[in-house]
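Here the structure is laid out as structure tokens; the discussion comes afterwards.
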Amino acid sequence: MDFDAELDAKGLACPMPILRAQRQLLRMVSGQVLRVIATDKGAPNDFAAFCKNTGNELLSSTELNGEFQFLIQRR
């Protein structure tokens, strides 16, 4: 899937991936997609809760070899 911006949050622990994603999403316009790559094991739950609480849409959440990838569409 295509995305408009990417955030590398590898090596960052909670809450930094969420805070950086939130900051990046605020710079984007409605409908744009942010790709986030993180290694924090709690990231899947954190991003699911973040999207639910903010109204942004979590389009996908995948894991491969300890790296998590999230596609988030700005509300």
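The values are calculated or read from the model by the stated rules, or taken from the named source; none is laboratory data. All of these numbers come straight from a predicted model, not from anything done at the bench. Here the Cβ is made from the backbone with ideal geometry for all residues, glycine too, and neighbour counts use every protein chain on show. Protein only, heavy atoms only, side chains kept; ligands, DNA and RNA dropped before computing areas. Shrake-Rupley method; radii C 1.70, N 1.55, O 1.52, S 1.80 Å.
Condition check ((1) more than 10 Å from the chain's Cα centre (by Cα); (2) among the basic types (Lys, Arg)) across all residues:
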| position | (1), (2) |
| --- | --- |
| Asp2 | yes, no |
| Asp8 | no, no |
| Cys14 | yes, no |
| Arg20 | no, yes |
| Val29 | yes, no |
| Gly42 | yes, no |
| Asp46 | no, no |
| Leu71 | no, no |
| Arg74 | yes, yes |
**Request:** Kindly indicate the residue of segment 6-19 that is assigned to a loop (DSSP other than H, G, I, E, B) and of a type in the set (A, V, I, L, M) and also most open to solvent (accessible area, probe 1.4 Å) among those meeting that condition.
**Result:** Ala13
**Request:** Please tell me if Glu63 is open to solvent by 60 Å² or more (accessible area, probe 1.4 Å), in contact with a strand residue (DSSP E or B) (Cβ under 6 Å, 6 or more places away or on another chain), in a strand (DSSP E or B) and charged (D, E, K, R).
**Result:** no
**Message:** Give me the residue from segment 20-58 that is over 13 Å from Asp4 (Cα atoms) and in a strand (DSSP E or B) and, out of that set, most open to solvent (accessible area, probe 1.4 Å).
**Reply:** Glu57
**Condition met for Phe3 (in contact with a strand residue (DSSP E or B) (Cβ under 8 Å, 6 or more places away or on another chain), among the aromatic types (Phe, Trp, Tyr), in contact (Cβ under 8 Å) with a residue 12 or more places away in the chain and open to solvent by 50 Å² or more (accessible area, probe 1.4 Å))** = yes
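Quick one: which of Arg35, Arg74 is modelled with pLDDT of 95 or more and in contact with a Gly (Cβ under 7 Å, 6 or more places away or on another chain)?
Of Arg35, Arg74, the one residue that is modelled with pLDDT of 95 or more and in contact with a Gly (Cβ under 7 Å, 6 or more places away or on another chain) is Arg74.
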